[in-house]
Structure formats: C-alpha cells, structure tokens
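Here is the structure we will look at.
The values are calculated or read from the model by the stated rules, or taken from the named source; none is laboratory data. In this text, all values refer to a predicted model and were calculated from it rather than measured experimentally. Cβ sites come from the backbone with ideal geometry, for glycine too, and all protein chains shown count toward neighbours. What goes into the accessible areas is simple: the full protein's heavy atoms, side chains included, and nothing from ligands, DNA or RNA. Shrake-Rupley method; radii C 1.70, N 1.55, O 1.52, S 1.80 Å.
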Amino acid sequence: MSIWTKIIKYIKKNTSETRKKDFLYHAIRYWDPIERPVYYFKTFLLYLYKNLKNETKVKFKKNKYKTIYKKKYSLKDRRTIIDFDFIQSCYEYEFICNDLNKCKTILEIGAGYGRSCNFIIKLFDKIESYTIIDFKEIYSKYAKNYLKKNLSKSKINKILFLQPNQLNLVNNFDLAINIDSMQEMEETQIDKYL
C-alpha cells in the first residue's frame with residue numbers, strides 16, 4: 001500500500017485529527033526533530049572522515065584508538081567506530097604532527113577526559129612526560145579512568161596530573177596544548193597560563 005493510499009484511507013475515517021487544517025502537511029512531510037539532525041550530523045562526520053589523510057586513518061585504526069562514543073551519533077568503518085572525538089583527534093594529529101615529532105615533554109591545560117593525551121602518547125613514542133593540568137574532580141573521575149583503560153602501564157607512568165594551583169610545579173616543556181578549555185575560563189585565569 002502506497003503512502004498516498006494510506007493517507008486517503010485515513011482521511012476517509014474523518015477523525016478529529018484528519019479534520020485539522022494541517023493534517024495533510026504533517027502526514028506527508030518527513031520531519032523528526034531528533035532523526036533529521038542526527039542524519040545531517042552523520043553526513044558531516046562522513047565528509048570529515050573522507051577528507052582525512054589515508055595515513056592518518058590507518059595510524060588511528062592500527063592503534064585501535066577509542067573515544068567515549070555514543071553509537072547513536074557515530075559511524076562504523078569496518079571495525080572502527082567513528083565519532084566526532086575520533087575525527088577531532090585525527091585532525092589535531094594532522095595539525096600538530098610535525099611539532100609532536102620533535103617533542104619529549106608536553107603540557108596540556110584542561111584535558112577533559114584525556115582524549116588528546118591518549119592519542120599523543122599512543123602515537124608518539126618519543127614522549128617522555130605528559131603533564132595534565134585540570135581540576136582534580138575532572139581528572140580523577142574521568143581522565144585517569146579513560147587513560148588507564150586505553151594505555152599501557154608504561155605509558156600511564158609518563159603522565160603527571162596537576163591542579164591549576166600547582167602550575168608552579170611545571171618545569172620546562174616542549175609543547176603546550178589547550179583544546180576547548182580556555183573559552184571556559186575567565187581572562188585572569190588564562191593570563192596565569194600564558
């Protein structure tokens with residue numbers, strides 16, 4: 001039975017719903033406030049994924065890189081789950097790869113659940129130390145757990161977790177990273193890091 005046959009049959013029932021002026025409009029149009037945006041989001045993810053360098057995709061897949069993903073908002077490429085964090089990690093890798101090849105010590109301000117730390121430590125063996133400055137409530141509940149699940153013990157031992165008030169304990173570093181956290185800070189807090 002075609003969609004039009006169903007609609008006409010339903011109209012003939014002459015219910016209070018079919019007597020509404022906008023019934024036909026709602027019956028034939030395709031619109032779902034959840035489904036449609038997810039469709040567009042996944043299309044955008046696919047576009048971003050297709051535009052990554054092949055060597056980046058291979059490197060991340062080979063290392064079984066995992067993020068904290070929600071299946072509803074992700075794609076699957078064979079056995080690899082592709083979500084926005086996976087894409088963001090790949091693009092960050094492509095952006096700072098040349099710099100990271102020269103680095104031994106890293107400072108990350110506001111690591112969240114540890115996504116960037118995970119891929120950097122996994123993919124760059126030269127990294128000797130990786131210092132994360134974040135709130136203890138964040139790194140103890142999220143970053144430490146995520147990184148312990150995804151990194152070997154020898155790689156975990158390279159990570160030092162500090163709170164913002166321990167900034168004075170940071171010595172020299174080759175590269176400082178801040179991704180998406182300074183916009184959450186007051187200007188005076190940002191000045192302390194700069």
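Anything in the stretch 173-192 that is modelled with pLDDT under 90 and open to solvent by 50 Å² or more (accessible area, probe 1.4 Å)? List them, or say none.
Selection gives 178, 180, 183, 184, 186, 187, 188, 189, 191, 192.
Could you tell me whether any residue of the stretch 83-103 is touching a strand residue (DSSP E or B) at 6+ places or on another chain (Cβ under 9 Å), open to solvent by 90 Å² or more (accessible area, probe 1.4 Å) and either of a type in the set (Phe, Trp, Tyr) or in contact (Cβ under 8 Å) with a residue 60 or more places away in the chain (or both)?
Yes, there is a match, as at least one residue in the stretch 83-103 is touching a strand residue (DSSP E or B) at 6+ places or on another chain (Cβ under 9 Å), open to solvent by 90 Å² or more (accessible area, probe 1.4 Å) and either of a type in the set (Phe, Trp, Tyr) or in contact (Cβ under 8 Å) with a residue 60 or more places away in the chain (or both).
Tell me yes or no: at least one residue of the stretch 113-133 is over 24 Å from residue 60 (Cβ atoms), at pLDDT 90 or above and open to solvent by less than 40 Å² (accessible area, probe 1.4 Å).
Yes, the stretch 113-133 has at least one match.
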